Amino acid sequence: MDEEGAAELFQGLVQQREAIMKQADEITAQINQVQVAVGEYLSPELESLQRDLRAEGARIQAHNQSIEAVVKTALTDLREKTKKIQEVRQSHRAYDSRVLASEGSFIDKRR
């Protein structure tokens, strides 16, 4: 394709885009008109529902924050306890007089 053909194709695509954008603007205007009409009709009920929904959302968020804090605290405590248990196991192994076969000792019983 030569430059002139590419330019014509590009110009055609730009015109299609403009037509689509104009249609989108018209549809948006129609949607806004319908929303205004419905909003005026259901205004008191809709406001009440929105208020209740916002209150419930705020309550859920407050509970979520408190639960999140409890979970973080419990996770921190669990990590500390796990670390202490691992340290105790390591020091116990260091001072254990028995040598386990899995730790590299071998006894030849054939002689």
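Where a number appears in this text, it was derived from the coordinates with a stated rule and is not lab data. Computed from a predicted structure; not experimentally measured. As a convention, Cβ positions derive from the backbone with ideal geometry for all residues, glycine included, and neighbour counts pool all protein chains shown.
May I ask for the Rg/Rh ratio of the range 10-88, computed from Cα atoms with Rh as the Kirkwood radius, given to two decimals?
Reported Rg/Rh (Cα atoms, Kirkwood Rh): 1.46.
In this rough spin-label picture, where each label sits 7 Å from Cα along the Cβ direction, the GLN33-ALA62 distance is 4.5 nm. Straight Cα distances below 23 angstrom link LYS72 to the lysines LYS81, LYS83, LYS84, with same-chain residues fewer than 8 positions distant left out.
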